Amino acid sequence: MNNVWGSMAQYDVINWPWPIAVYLFLAGASAGSIIIALLVKWNRHDKEVATIWDAMVKAGALISPLTIIVGLILLILDLGKPLSFYWLLISYNFESVMTLGVIALFLYTPLSLVFTALIFEDVIKKNALLSIIYPVVNYVKSYSKYAKKIEYVLFFLALIVGAYTGFLLSANMSIPMWNSPILPILFLASGISAGIAGNILVGMLFFKSSINKESIKYLLMLDLRVIMLEIPLLCLLFIGMFYSGGAAKVSAMQALSVGNWALVFWVGVIAVGLVAPVVIALTALKNHDYKVKFILFNSIVVLIGVILLRFYIVYAGQIFTGAI
Amino acid sequence: MKKKFRMIHDENLCIGCQACSVACRSENDVPDNVFRMQVQIETKGIFPDLKMNMQRHSCVMCEDAPCVTVCPTGASFQTKDGLVQIDHRLCVSCKYCVVACPYDARFMNPITKNIEKCTFCYSNRVSKGLEPACVTVCPTDALVFGDINDTTSEVYKKAKESNLLYPKANLGTKPKVAFVPNKKGVSYE
């Protein structure tokens, strides 16, 4: 169309594209994996000998810093002016959810690295390359009497990192699907779900020797509960949009019925991400059987569902704004 | 007294000529294919009973501006007079403000990668006592701009004699750009 007034292209831009969706997933998975690692460390270690770390704790300590660092790199590269990102660290606006997120990440990221360094202390000491940083680890270790307190702080920060991504989106009044108080809880819940799946996957693949079957069962049970929570949360998100009426109602109807994003939602998010794990839990893994193949398969479908949820919310939110 | 700027777009006087858009482009160095402001034209009705609506599409200078709230670095800010401006030095182009704006007023400049929008020509004209470029060129005086606290101003008179509406008033963002709704055409909606 050749409008008298000129091009409409600037209004159709997806301003927050795939790196944001991937970041939202990685931040959720990072927070979730450390939350799960800490829960296992606190609750599942009563009978353990202190020298043997549970595979779940190791997996969490590995996933958490890696995912958040990759996520932050993506986030910086997605800026229109990536080289000026340092302004985010020196110029604050405490009304902005993004600023609050930056502060949380500024504390969370190094602390998750400290946690990793302590869990993998022996590996770092023995490895030819990594042993260069051993003096740092040793220095950190000298504060080990505060370890428990630091773990509590890390746990709290992980809750913030897991939820703030939801607040980041929900602060937008212009996008009905984002402008919902459900989003932070939904993101935290699905982040924890991704954390469980990621820890189980990495634990089973890399730390087989220290796998504790009881921990896995505990986590699978926890994951089922989280997923059972996610389903009503997703329903609430759309019911809220329906009852808001106007643009929000139009947005909800389009997002659930139009084109490939509706397909992503029904097949990817609902069928693969939420229904499949429930079915697996009720059939193959009934009575918390320990079947490695099914557990791995379960973890993979959960992760796919969580990634697609972030993609769906980011894209469908920006495409279906309900504007007439 | 503190200045209280208003821009009024009278949709009955507007002829959709886009002189305002061209003036904005040349005054503010706006690159091709992006726009700080446009007057979008919508045709309604069935031939021969047609009606054309002219709607200004630009930043409306909210008093409670979502773009200022969400900006993580303070690059989006309000002047003492309540005009929303962007400090390009602080802006990292995270596009949070572009996403947050309910009026679709912001965009990323494809050349400088800065976030841009209508500024009411604040730094280049209004702060020097001139009117915004779009207002000066409007051939039908459909655009009126000024300090509404000044009872001798054109904008004060216009506001007094017209029934002003504010775009998306239900959002509570308190815009400073008002419009006089179109009463011409088939239906007098």
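Looking at this structure, is A:P232 modelled with pLDDT of 90 or more and in contact with a Leu (Cβ under 8 Å, 6 or more places away or on another chain)? Quick ask: steps written out before the conclusion?
Values: modelled with pLDDT of 90 or more: yes; in contact with a Leu (Cβ under 8 Å, 6 or more places away or on another chain): no.
It is false that A:P232 is modelled with pLDDT of 90 or more and in contact with a Leu (Cβ under 8 Å, 6 or more places away or on another chain).
Just the residues that are hydrophobic (A, V, I, L, M, F, W, C), within 14 Å of another protein chain (Cβ to nearest Cβ) and not in a helix (DSSP H, G or I), please, taken from the range A:119-173. If the condition is that a residue be hydrophobic (A, V, I, L, M, F, W, C), within 14 Å of another protein chain (Cβ to nearest Cβ) and not in a helix (DSSP H, G or I), then A:A171, A:M173 are the ones that fit.
Restricted to the range A:248-324, the set of helices (runs of 4 or more DSSP H) holding at least 3 residues that are at pLDDT 95 or above and crowded, with 19+ Cβ neighbours inside 10 Å comprises A:292-319.
So is A:K145 over 21 Å from A:I69 (Cα atoms) and touching a helix residue (DSSP H, G or I) at 6+ places or on another chain (Cβ under 7 Å) or not? So A:K145 fails the test.
If you filter the range B:166-179 down to residues that are of a type in the set (A, V, I, L, M, F, W, C) and at pLDDT 95 or above, you find that the one that is nearest to B:Q78 (Cα to Cα) is B:V177.
Quick one: in the range A:97-109, which of the residues that are open to solvent by 30 Å² or more (accessible area, probe 1.4 Å) and without any contact (Cβ under 8 Å) to a residue 24 or more places away in the chain is nearest to the other protein chains (Cβ to nearest Cβ)? Filtering first and then ranking leaves A:I103. Out of (1) within 14 Å of chain B (Cβ to nearest Cβ); (2) buried (at least 18 other Cβ atoms within 10 Å of the Cβ); (3) free of Cβ contacts under 8 Å to residues at least 60 places away in the same chain, the odd one out for A:G71 is which? With (1) within 14 Å of chain B (Cβ to nearest Cβ); (2) buried (at least 18 other Cβ atoms within 10 Å of the Cβ); (3) free of Cβ contacts under 8 Å to residues at least 60 places away in the same chain applied to A:G71, the lone miss is (1).
Residue by residue, here is whether (1) touching a residue at least 40 places away in the same chain (Cβ under 8 Å); (2) closer than 19 Å to A:L205 by Cβ; (3) more than 23 Å from the chain's Cα centre (by Cα) holds:
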| site | (1), (2), (3) |
| --- | --- |
| A:V267 | no, no, no |
| A:I280 | no, yes, no |
| A:T283 | no, no, yes |
| A:K293 | no, yes, yes |
| A:L296 | yes, yes, no |
| A:L303 | yes, yes, no |
| A:L308 | yes, no, no |
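Scanning the range B:161-185 for residues that are assigned to a loop (DSSP other than H, G, I, E, B), polar (S, T, N, Q) and surrounded by fewer than 21 Cβ atoms within 10 Å (Cβ to Cβ) turns up B:S162, B:N163, B:N182. Counting the residues of the range B:45-65 that are under 14 Å from B:P167 (Cβ atoms) and hydrophobic (A, V, I, L, M, F, W, C) gives 6.
The residues of the range A:199-230 that are open to solvent by less than 10 Å² (accessible area, probe 1.4 Å) and small (G, A, S), listed by number, are A:G203, A:S215.
What residue, of A:S193, A:S215, A:S210, is modelled with pLDDT of 90 or more and among the hydroxyl-bearing types (S, T, Y)?
Values: A:S215 fails: modelled with pLDDT of 90 or more; A:S210 fails: modelled with pLDDT of 90 or more.
Criteria check complete, one pass: A:S193.
Residues in the range A:110-151 that are surrounded by fewer than 12 Cβ atoms within 10 Å (Cβ to Cβ) and closer than 25 Å to A:A189 by Cα: A:P110, A:K148, A:K149.
Do you know which residues across the range A:77-91 are open to solvent by 50 Å² or more (accessible area, probe 1.4 Å) and closer than 19 Å to A:A21 by Cβ? Walk me through it before giving the result.
Let us first name the residues in the range A:77-91 that are open to solvent by 50 Å² or more (accessible area, probe 1.4 Å), namely A:77, A:83, A:85-86, A:89-90.
Passing the criteria: only A:L77.
Here the condition is being open to solvent by 10 Å² or more (accessible area, probe 1.4 Å), within 14 Å of chain B (Cβ to nearest Cβ) and at pLDDT 95 or above; of A:F94, A:F25, it holds for A:F94 alone. Selection of first residues in the range A:205-229 that are farther than 15 Å from A:I35 by Cα and part of a helix (DSSP H, G or I) and of second residues that are open to solvent by 100 Å² or more (accessible area, probe 1.4 Å) and not hydroxyl-bearing (S, T, Y), restricted to Cβ pairs under 9 Å at least 6 apart or on distinct chains, gives the following pairs, ordered by first then second residue: A:L224/A:L282. Per the listing A:N15, A:N43, A:N3, the residue uniquely at pLDDT below 90 and within 14 Å of chain B (Cβ to nearest Cβ) is A:N3. Does the range B:128-160 hold any residues that are part of a helix (DSSP H, G or I), open to solvent by 20 Å² or more (accessible area, probe 1.4 Å) and touching a residue at least 40 places away in the same chain (Cβ under 8 Å), and which are they? B:T136, B:V137, B:K158, B:A159 - these are the residues of the range B:128-160 that are part of a helix (DSSP H, G or I), open to solvent by 20 Å² or more (accessible area, probe 1.4 Å) and touching a residue at least 40 places away in the same chain (Cβ under 8 Å). The selection criterion, being at pLDDT 95 or above, out of contact with any Lys or Arg (no Cβ under 8 Å at 6 or more places or on another chain) and assigned to a helix (DSSP H, G or I), holds for A:L72.
The values are calculated or read from the model by the stated rules, or taken from the named source; none is laboratory data. Quick caveat, the model's predicted, so the values are computed rather than measured. Positions of Cβ are generated from backbone atoms using ideal geometry, with glycine treated the same way; all protein chains shown enter the neighbour counts. Ligands, DNA and RNA are excluded from the accessible area calculation, which covers all protein heavy atoms including side chains. Shrake-Rupley method; radii C 1.70, N 1.55, O 1.52, S 1.80 Å.
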